[in-house]
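A.B. asks: Input: one structure, supplied below.
The values are calculated or read from the model by the stated rules, or taken from the named source; none is laboratory data. From a predicted model like this one, the values you see are computed outputs, not experimental measurements. Every residue, glycine as well, gets a Cβ built from its backbone with ideal geometry; the counts of neighbours run over all protein chains shown.
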Amino acid sequence: MPLPRPVDEAGLGQVLAGLPPSTLRAKGIAVAPDGSRLLAQVVGRRREVRTLSDAEMQPPTDLVVITAR
């Protein structure tokens with residue numbers, strides 16, 4: 001699933017909230033408006049969006065989503 005570029009933490013949180021209830025795992029890296037990178041993760045019911053440190057800086061990716069059948 002392509003992530004919007006740029007996207008802030010609130011917008012990325014909305015993307016995660018819109019995933020189907022059958023989502024088991026999701027992970028992706030987005031670009032924030034200031035150029036920093038945001039890590040988005042879903043594990044079960046836990047949803048997390050955080051800014052990556054400079055040491056963790058990685059290129060942006062799509063959001064990879066794994067759902068139950």
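A.B. asks: Within segment 60-69, which residues are exposed (fewer than 11 other Cβ atoms within 10 Å of the Cβ) and either part of a loop (DSSP other than H, G, I, E, B) or of a type in the set (Asp, Glu) (or both)?
C.D. replies: Step one: list which residues in segment 60-69 are exposed (fewer than 11 other Cβ atoms within 10 Å of the Cβ), which gives 64, 68-69.
Once the filter is applied, which keeps residues that are exposed (fewer than 11 other Cβ atoms within 10 Å of the Cβ) and either part of a loop (DSSP other than H, G, I, E, B) or of a type in the set (Asp, Glu) (or both), segment 60-69 yields ALA68, ARG69.
A.B. asks: Another question, if that's okay. Name every residue in segment 22-48 that is closer than 14 Å to PRO60 by Cα and small (Gly, Ala, Ser), in order of residue number.
C.D. replies: GLY28, ALA30, ALA32, GLY35, SER36, ALA40
A.B. asks: Mind listing whichever residues of segment 13-54 are basic (Lys, Arg), outside any loop (DSSP other than H, G, I, E, B) and closer than 17 Å to ALA68 by Cβ? Please lay out each step first, then the result.
C.D. replies: Looking only at segment 13-54, we keep the residues that are basic (Lys, Arg), and these are 25, 27, 37, 45-47, 50.
Those left that are additionally outside any loop (DSSP other than H, G, I, E, B): 25, 27, 37, 46-47, 50.
Passing the criteria: ARG25, LYS27, ARG46, ARG47.
To keep it simple, each residue is scored yes or no on (1) modelled with pLDDT under 95; (2) surrounded by fewer than 16 Cβ atoms within 10 Å (Cβ to Cβ); (3) within 14 Å of PRO2 (Cβ to Cβ).
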residue	(1), (2), (3)
GLN14	no, yes, no
LEU24	no, yes, no
ALA32	no, no, no
ALA40	no, no, yes
GLY44	yes, yes, no
VAL49	no, no, no
LEU52	yes, yes, no
ALA55	yes, yes, no
GLN58	yes, yes, no
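A.B. asks: Restricting the first residue to segment 19-46 and requiring it to be β-branched (Val, Ile, Thr), which pairs with a second residue that is assigned to a loop (DSSP other than H, G, I, E, B) and modelled with pLDDT under 95 meet a Cβ separation below 6 Å and a spacing of at least six or different chains?
C.D. replies: ILE29/GLN58; ILE29/PRO60; ILE29/THR61; VAL31/ARG5; VAL31/PRO60
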